[in-house]
Each structure stands twice: as structure tokens, then as C-alpha cells.
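First up is the structure itself, then whatever we jot down about it.
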Amino acid sequence: MASGMIDVSKEVKTWERLQASATLGFDASGQPVLQVRLGDDLALVGVSRANILSVSESPELAARLLEARLRQELRPATARKTSPSDVEKDLALFPATAPAPAEGSCRHTVVRE
């Protein structure tokens, strides 16, 4: 595998293990959250669009959750059932989960036609 390439099957297995050990709950507004074990620590991650940015204690985990959801929404069989507006809403949230770029670095921007 080329340097810098992501082993998707390894990522999927890691994500599946992480989800399997997570506990489902609800935040103060009644929105769903996952309580996930990260090493010796527990982290809350918002599961809905309404709370993924405000409740998530781990921006990296929130980004991984959004990425997994987008991958699922864009799978050929699923894509026919997913509304384009749902995908657009998830894509709009994705940049907000990225850490701020280091000074002097460049940040990628998605350009819509």
C-alpha cells in the first residue's frame, strides 16, 4: 500500500470495535449520544446533526462518525435511498470537526458547482 493511503478495511474493523463497546444514551436535550471508551477514558459523542458538534468531547471521534455515516449514505445501494439534502447536511458539518490548521498550513476547501 502506498504511503499515506488509508487501509479502509482496517479502519472499518477499528470503528466496528469502537461502536460495539459504546453505550447509547441521551444528552440534556434528548438527542442521542454514544459514550465511547478511548483507552482508560470515556468520551461522549453526539450522534445527530443537532448535537455532534456541541456535545462531542472528541472532535476526531465526531469526524470519524460523520465519515462513517457519509460512507454509508454514499454506498451505491444506500445512495438511492438517501436524500441528497441529508448528504449535503452531513458534508456541511464535516469541516467543523477538523482541528484548526496550524499556522502556515493550508486547509482544503470543497468547491460546489
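Couple of notes before you dig in:
- For residue 35: the one exception among (1) at pLDDT 90 or above; (2) within 15 Å of residue 93 (Cβ to Cβ): (2)
- Per the listing 27, 90, 7, 40, the residue uniquely at pLDDT below 90, surrounded by 13 or more Cβ atoms within 10 Å (Cβ to Cβ) and not polar (S, T, N, Q) is 90.
The values are calculated or read from the model by the stated rules, or taken from the named source; none is laboratory data. In this text the structure is predicted, and so the values were computed from the model without any measurement. No Cβ is skipped: glycine too gets one built from the backbone with ideal geometry, and neighbour counts run over all protein chains shown.
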